[in-house]
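One structure is given below, encoded as structure tokens.
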There are 2 protein chains.
Amino acid sequence: MTTRFGRVAVLGLGLIGGSLLRAIRQTGLSVVGYDIDPQTGSAASAAGFPVTASEASAVHGADLVVLAMPLPEVKGALQSLAAHLSPDAVLTDVGTLKSPVLELVHGIIPSARFVGGHPLAGTENSGWAAADPLLFRDAPWALTLEPDTDLRAWIALAELVCDLGAKPVPATASEQDTAVAHVIGLPHVLAEALALTGLTGGELGLSLAAGSYMTGSRVARTRPDLVATWCDGNPELVRALDDVITQLQYARANLAADGSVLDLALAGHTARMNWERRRFEPVELTADATALLEHGRRGGWITAVLRDADGVRLLGMRPNP
Amino acid sequence: MTTRFGRVAVLGLGLIGGSLLRAIRQTGLSVVGYDIDPQTGSAASAAGFPVTASEASAVHGADLVVLAMPLPEVKGALQSLAAHLSPDAVLTDVGTLKSPVLELVHGIIPSARFVGGHPLAGTENSGWAAADPLLFRDAPWALTLEPDTDLRAWIALAELVCDLGAKPVPATASEQDTAVAHVIGLPHVLAEALALTGLTGGELGLSLAAGSYMTGSRVARTRPDLVATWCDGNPELVRALDDVITQLQYARANLAADGSVLDLALAGHTARMNWERRRFEPVELTADATALLEHGRRGGWITAVLRDADGVRLLGMRPNP
């Protein structure tokens with residue numbers, strides 16, 4: 001392991017934070033956890049993890065601090081830890097939307113070496129009890145890269161993400177939030193709408209609901225307040241909803257005119273199958289923000305960070321058109 | 001086995017017809033198959049099933065005839081077999097929409113003892129090669145009951161469906177098509193729209209697409225022409241789309257006004273969890289069309305047909321509120 005971090009503090013020990021605490025310790029690093037809920041802290045402590053009684057003591061001496069609480073709690077956490085964060089420490093988070101967190105960090109700890117992070121690794125379960133050190137295996141993990149991002153901090157974090165078995169994807173906060181509107185916000189809103197209106201067919205419909213309803217509404221099992229934090233405040237989701245509403249109105253008009261949904265079904269089927277059938281090729285990248293962002297825009301990710309006498313090189317994969 | 005059928009002809013040996021041929025033979029009945037595609041017929045024959053060279057010879061001597069071809073081929077099949085169907089034979093089908101088939105049968109073979117059927121047992125796969133005798137295990141199976149339906153034919157078919165491990169659900173063709181618009185048509189149209197517009201976020205979105213996009217668009221893997229036959233010509237699907245578009249417009253307006261999707265997420269989550277958590281109780285039913293239809297409207301199904309000196313009784317399950 002070549003990761004440059006010695007002691008990692010994870011603040012918030014739910015599904016993602018708890019899984020991270022377990023996964024990072026498995027890479028051989030020293031970890032410490034904190035949770036605002038004392039019961040969660042006790043559970044982590046009983047499982048053999050060092051847990052502190054305050055954010056301040058967790059952050060003290062940590063060279064990587066992970067904000068793993070829900071978005072509404074990030075502001076308070078930043079205020080609590082601001083005075084205790086080492087100037088050299090790298091700060092990251094694991095939330096779905098990156099622009100709101102970037103704004104909070106700029107406002108509260110403008111000098112922080114911050115790199116926004118978003119592991120795409122949720123399940124419908126939540127809480128410390130569901131934590132799993134293998135949760136991040138093969139998961140894409142957006143890492144934000146802005147003009148003022150410390151590139152060394154970004155690379156160190158990318159290296160740790162690789163060590164967890166995940167796939168660091170370089171993107172600006174704005175680019176990642178746009179993508180997330182389409183592939184996370186939109187699927188969740190559609191699943192909620194299907195779960196609700198799919199059942200307006202009455203009891204007979206309830207008993208005939210089978211595979212397509214079951215998988216189509218699966219993520220409506222997620223805690224509604226979490227879904228809201230993944231959707232609210234993302235202007236691109238408004239545009240994604242406009243797009244999907246237009247498609248549905250088109251299908252509706254065709255059906256009402258004794259036409260067919262075949263056009264939409266052909267286009268949807270093609271999109272889905274092309275996505276499944278993507279193939280990738282290895283690529284070597286320079287440690288340069290512009291090159292990394294271009295790699296991310298093309299659908300690429302990082303697979304390894306190599307350090308030798310000539311400096312740092314990154315290996316990656318990208319779609320093979 | 002108390003099923004009243006001696007010889008069953010299955011016309012169309014794709015996923016559903018092929019699975020039926022295998023499943024019905026496992027109940028001990030004599031089966032014969034036919035497929036318009038000679039290669040499919042040969043494959044079934046090579047697997048040890050009697051296969052005829054024409055619809056007419058399959059139907060000859062059969063006391064149950066199953067139309068298991070796609071909807072666009074049903075009309076031609078009815079015309080081919082009309083002159084060969086025994087007056088005592090029961091005729092059924094396995095298509096998603098029941099009203100169009102009912103209309104065709106009334107027009108082409110008005111004297112047929114027809115009971116429309118719809119097993120909710122598809123997968124994303126298709127064709128004889130995917131046929132599985134266990135496909136119908138625990139699957140709801142709508143069986144239509146109209147004012148002119150022969151109740152003895154209906155009960156005999158319900159008994160066979162129980163023997164296949166499935167759950168006969170009594171409904172009129174119109175009621176079943178309304179329910180299907182909400183729980184099959186709507187989920188498929190939404191999955192197609194998500195598959196398509198979910199990917200308009202560019203290559204970065206493709207690489208961040210994870211669980212919610214993957215399951216939300218799963219049924220867009222289905223052959224588009226099949227999806228069209230499940231949706232087209234169902235007026236209730238227009239209303240279901242209107243409902244879902246209204247929900248999406250409401251969520252969109254909230255988001256655009258810096259509000260939240262929480263309302264929709266709460267409602268969707270509640271609907272999904274209530275559906276999952278339904279509990280059922282056993283019930284005994286008289287062999288009466290009105291009672292059976294009321295049972296179906298309440299979300300009930302048949303579990304067994306009992307024949308004794310006093311006549312026929314049916315056992316069923318229904319939601320326990």
Task: Stokes-Einstein D (µm²/s) once Rh is taken as the Kirkwood radius of region B:221-263 over alpha-carbon pairs, at 25 °C in 0.890 mPa s - done: 198
- [ ] Grab the beta carbon distance between A:Ser57 and B:Ala256, set R0 = 35 Å, and tell me the FRET efficiency rounded to 0.05.
- [x] 0.25
TODO: If a/c stays under 1.5 just call it rounded; otherwise compare a/b with b/c (prolate if a/b is bigger, oblate if not). Do that for region A:226-298, with a ≥ b ≥ c from the square roots of the Cα gyration tensor eigenvalues.
DONE: oblate
Task: Dipole moment magnitude, nearest 20 debye, region B:1-136 about Cα centre, only Lys, Arg, Asp, Glu C-beta charged - done: 300
Open item on the list: Filter chain B for me: DSSP H helices, axial length by Cα at least 15 angstrom, mean Kyte-Doolittle hydropathy not below 0.5. List them by residue number.
Closed with: B:15-26, B:151-163, B:186-197
- [ ] Could you list the residues of region B:196-212 with an amide nitrogen less than 11 Å from a label point located 7 Å from the Cα of A:Glu294 in the Cα-to-C-beta direction?
- [x] none
Open item on the list: Could you give each residue of region B:84-97 its phi-based ³J(HN,Hα) in whole Hz, using Karplus coefficients 6.51, -1.76, 1.60 with θ = phi - 60°, and x for Gly or Pro?
Closed with: 10, 6, 5, x, 8, 5, 8, 10, 9, 9, 10, x, 6, 9
Open item on the list: Using a label point 7 Å beyond Cα on the Cα-Cβ vector, give me the inter-copy distances for B:Pro147 in nanometres, one decimal, shortest first.
Closed with: 7.6
Task: Kirkwood hydrodynamic radius over Cα pairs of chain A, then Stokes diffusion coefficient at 4 °C and 1.567 mPa s, in µm²/s - done: 61
Task: Whole-Å distance, taken between Cα centres, linking region B:177-221 and region A:130-165 - done: 28
Task: Selection of trypsin sites (Lys or Arg not before Pro), region B:203-245, meeting DSSP coil and at most 11 other Cβ within 10 Å - done: none
Open item on the list: Tell me which trypsin sites (Lys or Arg not before Pro) from region B:247-299 have a DSSP coil assignment and no more than 10 other beta carbons within 10 Å of their own.
Closed with: B:Arg277, B:Arg279
Task: Per principal axis, descending, Cα span of region B:1-114 in whole Å - done: 36, 33, 25
Open item on the list: Under 8 Å for C-alpha pairs, at least 6 residues apart: give me the relative contact order for region A:9-59, rounded to a whole percent.
Closed with: 37
Task: Gyration tensor (Cα) of the protein assembly as shown, equivalent ellipsoid semi-axes in angstrom - done: 55, 25, 22
- [ ] Under a 10 Å cutoff between Cα atoms, tell me which one of B:Ala240, B:Ala253, B:Ala130 has the largest fluctuation in the Gaussian network model of chain B.
- [x] B:Ala253
Task: Equivalent ellipsoid semi-axes, region B:59-181, via Cα gyration tensor eigenvalues times 5, rooted, Å - done: 21, 17, 15
Task: Cβ-vector label at 7 Å, A:Pro87, separations to other copies in nm - done: 10.2
Open item on the list: Based on the alpha carbons, how large is the Rg to Rh ratio for region B:177-276 when Rh follows Kirkwood?
Closed with: 0.99
- [ ] Report the full-extension gain for the segment A:Thr270 to A:Ala47: residue separation times 0.36 nm, less the Cα-Cα distance, to one decimal in nm.
- [x] 75.6 nm
TODO: Compute the label-point distances linking A:Met214 to its equivalents in the other copies; points lie 7 Å from Cα along Cα→Cβ; give nm, one decimal, shortest first.
DONE: 1.8
Open item on the list: Counting only pairs 8 or more residues apart or on different chains, how many lysine pairs in the protein assembly as shown have their Cα atoms under 21 Å apart?
Closed with: 4
- [ ] Compute the projected area of the convex hull of the Cα atoms of region B:1-53, averaged over all viewing directions, and report it in nm² to one decimal place.
- [x] 3.4
Task: Sequence-distant residues sharing a close amide H with A:Val31 (under 5 Å, placed H) - done: A:Val8
Open item on the list: Given contacts defined as C-alpha pairs under 8 Å and at least six residues apart, what's the relative contact order of region A:7-171, whole-number percent?
Closed with: 24
Open item on the list: Using helices alone, I'd like the mean residue ellipticity at 222 nm for chain B: each DSSP H run of four-plus residues gives -39500 (n - 2.57), total over residue count, nearest 500.
Closed with: -13500 deg cm²/dmol
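Each reported figure results from applying straightforward, stated rules to the coordinates on display, with no laboratory input. Just so it is clear, the structure is predicted and the values come from calculations on it, not from any experiment. Cβ: placed from backbone, ideal geometry, glycine included. Neighbour counts: every protein chain shown.
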